[in-house]
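Inspection log for the structure reproduced underneath, given as structure tokens.
The values are calculated or read from the model by the stated rules, or taken from the named source; none is laboratory data. The structure presented is a predicted model; accordingly, all values stated were derived computationally and were not measured. Please note: Cβ atoms are built from the backbone with ideal geometry, for glycine as well, and neighbour counts cover all protein chains shown. Remember, those area values only see protein heavy atoms, side chains included, never the ligands or the DNA or RNA. Shrake-Rupley method; radii C 1.70, N 1.55, O 1.52, S 1.80 Å.
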Amino acid sequence: MAGNEFRVGLLGCGTVGGAFAELLNERAEEIERFNGRRPVLAGVLTRSQGSFEEILEGSDLVVEVMGGLEPAREYLLRAMQAGKDVVTANKQLLSQHGEELYETARERDVRLRFEAAVGGVVPVVRTLEESLSATPIERIHGIVNGTTNYILTEMSGGASYAEALADAQQSGYAEADPSDDVSGRDAAAKMAILARLAFGTPVHLDEVRFEGIEHIQSDDLQYARELDLGLKLVGTAERRQGGLSVSVYPTFLYSGHPLAAISGSFNAVTVESETITEITLSGPGAGGRQTASAVLGDVVSVMTGGARPPAPPLALPLIEDVESAFYLHLDVADRPGVLATVTQVLGEQQVSIKSVVQRGMGEHARLVMVTHPVLESALRAAVERLAGFDFVRSDPRTIRVIEEEFM
């Protein structure tokens, strides 16, 4: 039996690591049936037990689910330098030290797999690496954070942000400290990874423009429904102006967009290309057993010889100022000439209005508009000028809008 064993070293045994160890044991017989080798745990490293050196020596493959940057980075580099294939679920590590890891994998001709780092059980990494490896991708839109998607789903039903966050924490979808999720940083790390996979260009987490959902108001969703819009935290990586734009923002979608129907803690990624038009992958985005299932899938892929080391990087410039449609919310005093002044200021920056809703009268009126696509810098200049007028009662709010729909 020992000759048929495929020895897996496990670094970290928390929620995901513990679930992975259970799944590995449960599925070992089935994996051996079609693979010819039986995966077994060669050792487990935690803060209080195990030796990395012994695990490295006794493993065919090393799985890292300990999280954090160090010593995870050191351990993965040492494993690959020793000729070991590795699997990780560490999105922060990949988004900040990915090129170092990719380069080491290429130099040592070993596999670096990381399906669980992006999108939970959604197989977007394997799809990009294998099924779409020869497809010229133009754009990726992703709902890649289950916590924020759950919160925004609850808010669309009438809950406030505070109520929805509390419910997410009570239901186990949000951590006690949800800052990485609600700020957009978690999604930004995942989009950096997806951008590197889809476009071959190194993208560091610090180069991804991101914004969270903390400022979203319930009335934004109320007005959006009147305009046939739904709100999601969307990560985007796309070719623009001969370069690459990568960002994460709260974004309104029309009902015909494939991401519009993704609710609760589910994740989804839409890949667009002229050759395939559009495909969407979706599934649960969080949970220890779900993430562990993606990790185990990577282990099996390595055992069957799938996916070679990452390709060398390309050099697409990163573009920041890109066009988008926008939702614009203005609290104003309803006086003669106010609407004319607003439209004049917008027009001076080439901001064209697609639709408008006005509510209220007197000193507490509201103008809610959706613009046609415009450069972010132009809209920002218009909003900054509008904020200076005495008839504007609070800071204007803007939210991006994706106009594309696939029916």
Conditions: (1) modelled with pLDDT of 95 or more; (2) touching an Asp or Glu at 6+ places or on another chain (Cβ under 8 Å); (3) under 18 Å from Val401 (Cβ atoms). Val246 meets all but one. Number of the miss? (3)
Step by step: first the residues of region 1-46, then only those that are hydrophobic (A, V, I, L, M, F, W, C) and exposed (fewer than 14 other Cβ atoms within 10 Å of the Cβ), then the one that is nearest to Gly297 (Cα to Cα). Which residue is that? Phe34
Return the pairs, sorted by first residue and then second, in which the second residue is assigned to a loop (DSSP other than H, G, I, E, B) and surrounded by 17 or more Cβ atoms within 10 Å (Cβ to Cβ), the first residue lies in region 204-217 and is touching a residue at least 12 places away in the same chain (Cβ under 8 Å), the beta carbons are less than 6 Å apart, and the residues are 6+ apart or on different chains. Phe210/Gly184; Glu211/Gly184; Gly212/Ser183; Gly212/Gly184
Region 329-365, residues that are closer than 18 Å to Ala387 by Cα and touching a residue at least 60 places away in the same chain (Cβ under 8 Å): His329, Leu330, Asp331, Val332, Ala333
Counting only residues in region 85-104 that are touching a residue at least 60 places away in the same chain (Cβ under 8 Å) and not polar (S, T, N, Q), the one nearest to Asp298 (Cα to Cα) is identified as Val87
Please count how many residues of region 59-92 are part of a loop (DSSP other than H, G, I, E, B) and open to solvent by less than 20 Å² (accessible area, probe 1.4 Å). 2
Pairs needed: first member in region 28-47, under 26 Å from Gly68 (Cβ atoms) and among the hydroxyl-bearing types (Ser, Thr, Tyr); second member anywhere, at pLDDT below 95 and surrounded by fewer than 17 Cβ atoms within 10 Å (Cβ to Cβ); C-beta distance under 9 Å; at least 6 residues apart or different chains. Thr46/Gly14
Mind checking whether some residue in region 122-135 is polar (S, T, N, Q), in a loop (DSSP other than H, G, I, E, B) and buried (at least 17 other Cβ atoms within 10 Å of the Cβ)? no
Any hit, region 364-375, residues being at pLDDT below 95, loosely packed, with under 15 Cβ neighbours inside 10 Å, among the β-branched types (Val, Ile, Thr) and under 24 Å from Leu233 (Cβ atoms): no
Taking the stated definitions as given, is Glu138 touching an Asp or Glu at 6+ places or on another chain (Cβ under 9 Å), closer than 15 Å to Gly285 by Cα and either surrounded by fewer than 24 Cβ atoms within 10 Å (Cβ to Cβ) or without any contact (Cβ under 8 Å) to a residue 12 or more places away in the chain (or both)? no
Exactly one of (1) open to solvent by less than 10 Å² (accessible area, probe 1.4 Å); (2) in a loop (DSSP other than H, G, I, E, B); (3) in contact with a Lys or Arg (Cβ under 6 Å, 6 or more places away or on another chain) is unmet by Asp298. Its number? (2)
Within region 256-282, how many residues turn out to be on the phi > 0 side of the Ramachandran plot and not hydroxyl-bearing (Ser, Thr, Tyr)? 1
If I ask for residues that are of a type outside the set (D, E, K, R) and either within 24 Å of the chain's Cα centre (by Cα) or assigned to a loop (DSSP other than H, G, I, E, B) (or both), which ones from region 37-58 would you list? Thr46, Ser48, Gln49, Gly50, Ser51, Gly58
Members of region 64-83 found to be without any contact (Cβ under 8 Å) to a residue 40 or more places away in the chain and of a type in the set (Asp, Glu), listed by number: Glu70, Glu74
Looking at (1) touching a helix residue (DSSP H, G or I) at 6+ places or on another chain (Cβ under 7 Å); (2) surrounded by fewer than 13 Cβ atoms within 10 Å (Cβ to Cβ), which is the one condition that is false for Gln344? (1)
Would you point out which residue out of Ala164, Ala134, Ala159, Ala174 is of a type in the set (A, V, I, L, M, F, W, C) and modelled with pLDDT of 95 or more? Ala164
Taking region 94-114 as the search range and keeping residues that are within 12 Å of Ile193 (Cβ to Cβ) and out of contact with any strand residue (DSSP E or B) (no Cβ under 8 Å at 6 or more places or on another chain), which one is surrounded by the fewest Cβ atoms within 10 Å (Cβ to Cβ)? Glu99
